[in-house]
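Data block below; observations after.
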Amino acid sequence: MSRIERAVPAAALPVYHRVRPRSSTLDAGRFPAHVILGGNVDRNADSGSDRAVKTVLDELATRLDAVRETNIGWPAASDVDFAALTKFFKRHLLNNLGDPFAVGAYPQHTKDLEAEVVDVLADLMRAPVDDRWGYVTAGAGEGNLYALHLARSLHSKGVVYYSESSHYSVDKAVDLLAMPSIRVRADASGRMDMDDLAGVVASNRDRPAIVVANIGTTMTEAVDDVREIGEVLDSLAVRRRFVHADAALSGIPLSLLDPQTRPGFDFADGTDSMIVSGHKFLGTPIPCGVVLVKASHRVHLTRTGGFIGSPDTTIGCSRSGHAALMIWYVLRRYGVDGLRARADQAREVARYAHRRLVELGWDAWLNQHAFTVVLATPPAPVTQRWTLASTNGRSHIICMPGVTRAQIDAFVGDLQAAMPTPTLVSVPSPPPRRTPELRRATPAHVA
């Protein structure tokens, strides 16, 4: 029995749709003999299997294309054309092995582009010019894990405070690192309750505070103001602290606004580390992210890389050079002004979606500066056609670059057709919150 099965009763597990493989065995009818047994490939003699492979790929392309227009519930920009990079996927294994600022022993890499990506994003996030470092991760979850690992190396007795609205990767990282933690209440919009934060930190003032701020929560795109978090810690005279900004969703779009008109979230506002996503606002076709930290902190996690010819400073060993290439391409192609124009247009589409839903009589709202429109979960005929993220009676539309007014009009039309009566449907209130308690450093389900 697996660890998860021991920890969670079968009756408590939700029902998921299983992915069914096309074939459960390596049979000669589906795989050619040279794939199973090895040996040289005779393509002329194997044209039938080539047709079979083409059929599978064509079916995959058809399935993916069929859901593009109705996939408006997940944060993935779709307006960037990466065709110019096709040649780098044909014959190159791009592996940014080791530290991005050390060339290393492996020659096929994109570390020069990765270093530029880190520097451009560090500028946007107002990181200290002489105290910045980062690398391209496999996703935001890795960035959260790295940041908390770094925080633990600096404050081994620290307690992690994170919102009940935080992404599940934060909870996973806390478990993997066996760090004591307290979940902080969030308000109805998804923002961290600063009064609750003050209360739980006050109960542990003798221990360093490691606070994870959400810069765009998963469901509502709420932002925890880092400046307010700093004020809470200052009021309690907590000097040993580390603030990490999980800015996967909203970090880059918010960085394009005037700092005086948006919530505080970057290094100048008091953040010690940050993760931003590559596949959300930037729209890279593979999951990735960029973690940014202070270089003076990073030395605590530096090891000797040995044969790789580079310091070992990252969570992963082999790292995708293609991811760094794609992020670099978007940043170079659009520049700050182009990125800002994309963000402004996405917010305009979000405001349009909100207005259309309100005019229809369907309860909906959005946080300031957000691409995300929160609404009561539509009837089944709508959710069966449109890909929406839903939980506890709430769903959302995320108007990332690439989502159009035409898509919003089509969605609202389907929603109107499915409404039994023109009545206002309310978004359910959040469930009652439990009293926060200090979690054990070792998860209960670990044997």
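Calculate the translational D of the stretch 70-125 in whole µm² s⁻¹ from Stokes-Einstein, where the hydrodynamic radius comes from the Kirkwood formula applied to all Cα pairs, the temperature is 25 °C and the viscosity 0.890 mPa s. Roughly 175 µm²/s, to the nearest whole number. Working note: Cα atoms of the stretch 247-374, range along each principal axis, descending, whole Å: 63, 32, 27. Between ALA341 and THR383, the contour length at 0.36 nm per residue exceeds the alpha carbon distance by 12.0 nm. Remark on THR377: its backbone amide H falls under 5 Å from those of ARG394, SER395, a criterion applied only to residues 5 or more positions apart or on other chains, H modelled at 1.01 Å from N. For the pair ALA295 and PHE88, what calculated FRET efficiency results from E = 1/(1 + (r/R0)^6), where r is the Cβ-Cβ distance and R0 = 25 Å, to the nearest 0.05? Here the calculated transfer efficiency is 0.30.
Each residue of the stretch 66-73 is assigned a 3J(HN,Hα), and the resulting list reads 5, 9, 4, 6, 9, 8, 10, x Hz, derived from the Karplus form 6.51 cos²θ - 1.76 cosθ + 1.60 (θ = phi - 60°), x at Gly and Pro.
Computed on the Cα atoms alone, the convex hull of the stretch 336-418 gives a volume of 89 cubic angstrom per residue.
Model label points for TYR168 and PHE307, set 7 angstrom from Cα along the Cα-to-Cβ axis, are 3.8 nm apart. Note on the stretch 87-333: Cα-only Rg and Dmax are 17.6, 57 Å.
Maximal additional length on extending the ALA417-ARG355 stretch stands at 20.5 nm, based on 0.36 nm per residue less the C-alpha distance.
What pairs from LYS111/LYS280; LYS172/LYS280; LYS157/LYS294; LYS87/LYS280; LYS90/LYS172; LYS111/LYS157 go past 32 Å between their alpha carbons? Too far apart for the 32 Å limit: LYS90/LYS172; LYS111/LYS157.
Ranked by the mean number of other Cβ atoms within 10 Å per residue, highest first, peptides 71-83, 188-200, 298-310 order as 188-200, 71-83, 298-310.
A short reminder: the numbers here are calculations on the coordinates, not readings from a lab. Being a predicted model, the structure only gives us computed values, none of them experimental. With ideal geometry, Cβ positions are generated from the backbone for all residues, glycine too; neighbour counts draw on all protein chains shown.
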